[in-house]
Amino acid sequence: MQSRFNRLSTEYYISAISNFRGMVDKREVEGSEDWMLQMVMFCCVFERWRVDPISNMSTHILGAIRVFQLHMQKVGKAPGRKVPPFERMITEALLYNTAIVSLHVDLDDNMLSEFFENADYICQSQPFSDATPWANSPVLGGIGPGLYRAICKLSQLCRRAPLRSEELDSVRAVEKELRAAEINIERVLALALQYKDSRGSNSLLSTKLYAAAANIMLYKLQHPEIQASNDRIQGKVSEAIGIIKSMSPPYSPSQFICWPVYITGCAAVRHSDIVFIRQTLQILWDATCCGDIMRAARALEASWAAEGKTYSSLDMLLHKRSALYI
């Protein structure tokens, strides 16, 4: 039954892509329509969920960023413009998914800079003035775009390693941005705990997990020669695992923590930590059957099996050819 639905959904997906390309070729669309942006984002999500060894998510992300830029050129960034909730949700979803894919594909610096500028503008809005920060920002958890912007920049720098001397300033700037994001996470998390909002606090804990994983990447980028056994790296692994343990299974929305669990797994060396990461990914898979999780689990199993033979799992974070799934 599962394979039949997978086959059927793929047939509909391919048909939709074919029809969409036909409309573009015939110039029946401008490229800035809301429905087009929504469709491209759906394609990104579909690719994340597909249970295949390879995902085409990066292709759709690049397309989504271009469509988003066309949309912003059309609607403009006038001071005081009321941002619709749909626009806020799409912007957050695009930034979040771009952060995930950015470790596995080269992104143009100018394109990213323009995208971040537009995302900052959108994320300043409060669609519902009487709602909590995390209710107004369901994807990013109410902390703003800073953390995921930092992850994008950090991931792109990791792809360029070893870095040139003139790129070291960019690393320091990303570190500063990451520290500011961590302070903001603690502030909003304290507010969620004060409100006794378990759903909001659980979402913010997953955001805190992203920051812990980003710190693993940052330290490896700053010190390419270190191995996963480094005390600083293992401290961050323990921090990340502690955050996961403080969350309530199945870590809803569970697919959100796949990326930081994967990064943490790349740095895990203790047998107990590897077992915990493996069990966590199994829980995530059982809850969602999301292809991202399957691909992350397979990549980690392969790297753990090869540890010490050909390369270090941690070195994958500075590898131009992704060992993951994009």
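In plain terms, the chain from ARG298 to THR10 could stretch by 101.5 nm, reckoned as 0.36 nm per residue minus the Cα-Cα distance.
Could you identify which residue out of VAL139, VAL171, VAL275 has the top mean-square fluctuation in a GNM of the chain using Cα springs shorter than 10 Å? Maximum among the listed residues: VAL275. In this structure, the amide hydrogen of HIS104, modeled 1.01 Å from its nitrogen in the peptide plane, lies closer than 5 angstrom to no residue at least 5 positions away or on a different chain. The distance linking the stretch 103-124 with the stretch 12-57 is 20 Å (Cα centroid to Cα centroid, whole angstrom). Within straight-line reach of LYS220, meaning a Cα separation under 30 Å, sit the following lysines at least 8 residues removed in sequence or on another chain: LYS153, LYS176, LYS208, LYS236, LYS245, LYS309, LYS320.
Going by the alpha-carbon gyration tensor, a ≥ b ≥ c the square roots of its eigenvalues, is the stretch 119-278 rounded (a/c under 1.5) or, if a/c is not under 1.5, prolate (a/b greater than b/c) versus oblate? Since a/c reaches 1.5 but b/c is at least a/b, the shape of the stretch 119-278 is classed as oblate.
Rounded to whole numbers, the Karplus 3J(HN,Hα) couplings from phi for the stretch 178-195 are 5, 5, 5, 5, 5, 4, 5, 4, 5, 5, 6, 5, 4, 5, 5, 5, 5, 6 Hz, using 6.51 cos²θ - 1.76 cosθ + 1.60 with θ = phi - 60°, and x at Gly and Pro.
Potential lengthening of the chain between LYS82 and GLN69 amounts to 2.9 nm, from the contour at 0.36 nm per residue minus the alpha-carbon distance. Backbone phi angles across the stretch 109-119, fed through the Karplus curve with coefficients 6.51, -1.76 and 1.60 (θ = phi - 60°), yield HN-Hα couplings of 4, 5, 5, 5, 4, 5, 4, 5, 4, 5, 5 Hz in residue order; Gly and Pro are listed as x. Please check: in the Gaussian network model of the chain (C-alpha springs, under 10 Å), which one of SER238, SER303, SER246 has the largest mean-square fluctuation. With Cα springs under 10 Å in the chain, the top fluctuation among SER238, SER303, SER246 is at SER246.
Fully extending the segment from GLU167 to ALA305 would add 46.3 nm, taking 0.36 nm per residue of separation and subtracting the current Cα-Cα distance. Size descriptor for the chain, Kirkwood hydrodynamic radius: 20.6 Å (Cα pairs only, one decimal). Label separation (VAL45 vs GLU225): 4.7 nm, computed from points 7 Å beyond Cα along the C-beta direction.
Can you work out the FRET efficiency for the pair SER246 and SER113, with r the C-beta to C-beta distance and R0 = 41 Å, to the nearest 0.05?
Working: r = 36 Å, r/R0 = 0.87.
For SER246 and SER113, the calculated efficiency is 0.70.
Between GLY142, GLY63, GLY291, the residue with the greatest mean-square fluctuation in the GNM of the chain (Cα pairs under 10 Å linked by springs) is GLY63.
Note that the stretch 38-52 has calculated 3J(HN,Hα) couplings of 5, 5, 5, 5, 4, 4, 4, 5, 4, 5, 5, 7, 4, 8, 9 Hz, one per residue in order, obtained from phi through the Karplus relation 6.51 cos²θ - 1.76 cosθ + 1.60 (θ = phi - 60°); glycine and proline are x.
At R0 = 22 Å, how high is the FRET efficiency between GLU186 and SER125 if r is their beta carbon distance? Nearest 0.05 is fine. Spell out each step's value before the answer.
Values: r = 23 Å, r/R0 = 1.06.
Calculated transfer efficiency: 0.40.
Rounded to the nearest 0.05, the FRET efficiency derived from the C-beta distance between ASN19 and ASP197 at R0 = 41 Å is 0.45.
Rounded, prolate or oblate: which fits the stretch 64-200, taking a ≥ b ≥ c as square roots of the Cα gyration tensor eigenvalues, rounded meaning a/c under 1.5, else prolate when a/b beats b/c? Oblate.
Read-outs: derived from the displayed coordinates by stated rules, not from any lab. Small disclaimer: the values here were computed from a predicted structure and weren't measured. When we count neighbours, we look across all protein chains shown, and the Cβ atoms used for this are built from the backbone with ideal geometry, even at glycine.
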